[in-house]
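Each remark here refers to the structure printed beneath this line.
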């Protein structure tokens with residue numbers, strides 16, 4: 001599970017370009033919850049994932065993962081509990097290393113690394129089995145360099161790497177946005193299957209309202225660094241894109257009205 005309590009973060013504090021990126025965010029996800037996160041540009045979606053991952057420390061608030069207070073943990077330490085897949089397929093892998101070498105590194109996440117061979121024979125058999133489940137033929141290309149793969153193949157590999165050792169939390173930062181529509185659908189299907197199979201707790205940022213509704217059991221809408229809509233369970237299943245658009249424009253209208261009151 002993951003818990004965020006009254007989390008706030010400002011950038012360029014005290015300067016002309018100060019931005020309140022997160023403001024008093026409180027979110028509770030139980031183990032196995034899959035939450036999609038939507039909002040306009042600048043709403044705080046990626047900032048939220050960065051805060052959870054430990055890219056920066058909060059100005060105030062606390063974050064706990066699987067019962068551990070990680071608020072002051074640096075990013076490398078949180079990586080023992082948290083896995084992340086980025087929008088750019090070039091991130092999350094080492095392009096000059098082979099597929100099996102990348103998987104071996106992922107398998108050792110959070111563990112001490114000694115002087116043993118980079119890829120053990122027993123691991124190779126496990127990698128073949130795991131790659132076979134994603135249906136792209138990569139199990140026959142273990143010694144190919146990752147830089148030779150297409151964007152979709154690399155993103156599928158990154159999904160596998162992120163979950164080869166089961167993380168307490170999986171963060172997905174618009175991980176299909178850089179892919180063509182057909183490949184994006186394949187990666188989303190793979191995402192859904194992996195999360196369901198491993199019963200993962202996940203946060204997925206997306207701009208696609210249809211995907212936000214179709215995937216997961218929770219939906220969170222951010223606006224100006226705040227949680228403005230939270231829907232779960234049966235209520236989420238009944239949502240439509242029109243419902244979300246209506247909520248979004250309502251939130252924007254209220255924000256504009258508040259700004260106007262401040263100026264008068």
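Bear in mind these aren't lab numbers, they're just calculated from the coordinates by the rules spelled out. Model, not experiment: these values are computed from the prediction. Every residue, glycine as well, gets a Cβ built from its backbone with ideal geometry; the counts of neighbours run over all protein chains shown.
Points to keep in mind about this one:
- Any hit, the stretch 193-208, residues being in contact with a strand residue (DSSP E or B) (Cβ under 9 Å, 6 or more places away or on another chain), in a loop (DSSP other than H, G, I, E, B) and under 26 Å from residue 129 (Cα atoms): yes
- Lone qualifier among 92, 67 - being in contact with a strand residue (DSSP E or B) (Cβ under 8 Å, 6 or more places away or on another chain) and on the phi > 0 side of the Ramachandran plot: 92
- Matching residues in the stretch 92-108 - criterion: being within 16 Å of residue 46 (Cβ to Cβ) and out of contact with any helix residue (DSSP H, G or I) (no Cβ under 8 Å at 6 or more places or on another chain): none
- Subset tally (residues that are in contact with a helix residue (DSSP H, G or I) (Cβ under 6 Å, 6 or more places away or on another chain), under 17 Å from residue 216 (Cβ atoms) and not in a loop (DSSP other than H, G, I, E, B)) for the stretch 171-189: 3
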